[in-house]
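A short write-up of the structure that comes next.
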Amino acid sequence: MSGFEFIFSLFGLILGLALAEGLGGLTRAIKARGIRTIGWSTGLLGLFVSCDVVTFWMYGWAMRDQLPLSWPVMFGGFLVTAVYYVATALVFPDAVDRDSDLDAHFERNYRTVMGALLFCNAVLIGLVFALLSPTLDLRSAILTISFFPVSLIAIFVRKRPVVIACLIWLIALYPLSAVWH
């Protein structure tokens, strides 16, 4: 087993659990569809978090040759993946029934979720710059750097249409990065 395989056995497990937690919440919300509506804001937040978790996983693969097997890498990776798990768990309520208000749940939790993803991405970008020395071009600026101000706007502007617009922008970055090379 290589050092990367050992490191990523922990990170992959936690990231997989995070995705399962998010998908479980979505499944509960869909099952309660006749009782409650999911709502655009909650659905978009769930999609955004899922895309970001998968992207973090992809970056882990891209940095596989640069990640040394060490205590700081293991603990730092655990911290970031644990934050992803907690953020994902906060997207949907634990139970969805007639008394559930997904919009109120969104209002209580979206800033925490967005802040958690902002933290994870700041750590990731710091690692990418430290280990891979990427070049900054127009593509990188739009796809990577725009993530931070748009996330901050979503966190600090409390108007739902603005938050939804920010989530749409952030989600659009993922397919855009797949086609813009």
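What shape does the stretch 63-154 have by the C-alpha gyration tensor, where a ≥ b ≥ c are the square roots of the eigenvalues, rounded means a/c under 1.5, and otherwise prolate means a/b greater than b/c and oblate the rest?
On the way: a/c = 3.73, a/b = 1.63, b/c = 2.29.
It comes out oblate by the Cα gyration axes.
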Name the shape class, rounded, prolate or oblate, that the alpha-carbon gyration tensor gives for the stretch 112-179, where a ≥ b ≥ c are the square roots of its eigenvalues, rounded holds for a/c under 1.5, and otherwise prolate holds if a/b is larger than b/c and oblate otherwise. oblate
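Under a 1.4 Å probe, what is the accessible area of the chain per residue, stated in Å²? Let's see the in-between values first.
On the way: 9670 Å² over 181 residues.
Per-residue value: 53 Å².
Dipole size in debye (nearest 20) for the chain around its Cα centre, Lys and Arg Cβ +1, Asp and Glu Cβ -1? Each step should come with its number before you reach the end.
Values: 12 positive and 11 negative charges, 87 e Å.
That gives a dipole near 420 debye.
Of all the accessible heavy-atom surface of the stretch 130-181, with the other protein chains kept in place and a 1.4 Å probe, what percent is carbon and sulfur?
Numbers: 2360 of 3170 Å².
Of the solvent-accessible surface of the stretch 130-181, carbon and sulfur hold 74 percent.
With a Förster radius of 25 Å, plug the Cβ-Cβ distance of Ser133 and Ala82 into 1/(1 + (r/R0)^6) and report the FRET value to the nearest 0.05. Could you put the intermediate results ahead of the total?
Values: r = 28 Å, r/R0 = 1.11.
That pair, Ser133 with Ala82, gives E of 0.35.
Which FRET efficiency, nearest 0.05, do Met63 and Ile168 yield, Cβ-Cβ r, R0 22 Å?
0.15
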For the stretch 1-91, what Kirkwood radius comes out of the mean inverse Cα-Cα distance, in Å? 14.1
DSSP H helices in the chain with Cα extent of 24 Å or more along the helix axis and mean Kyte-Doolittle hydropathy at least -1.0? 3-31, 40-62, 71-89, 102-132, 160-179
Tell me what the chain gives for mean residue ellipticity at 222 nm when only DSSP H runs of n ≥ 4 count, each as -39,500 (n - 2.57), the sum divided by the residue total, rounded to 500 deg cm²/dmol. -25500 deg cm²/dmol
Assign one of three labels to the chain, namely rounded, prolate or oblate, based on the Cα gyration tensor with a ≥ b ≥ c the square roots of its eigenvalues; rounded applies when a/c is under 1.5, prolate when it is not and a/b is larger than b/c, and oblate otherwise. oblate
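The values are calculated or read from the model by the stated rules, or taken from the named source; none is laboratory data. Keep in mind the model is a prediction, meaning the values are calculated, not measured. Glycine also receives a Cβ, built like all others from the backbone with ideal geometry; neighbour counts cover every protein chain displayed. Side chains included, ligands, DNA and RNA excluded: accessible areas come from the protein's heavy atoms. Shrake-Rupley method; radii C 1.70, N 1.55, O 1.52, S 1.80 Å.
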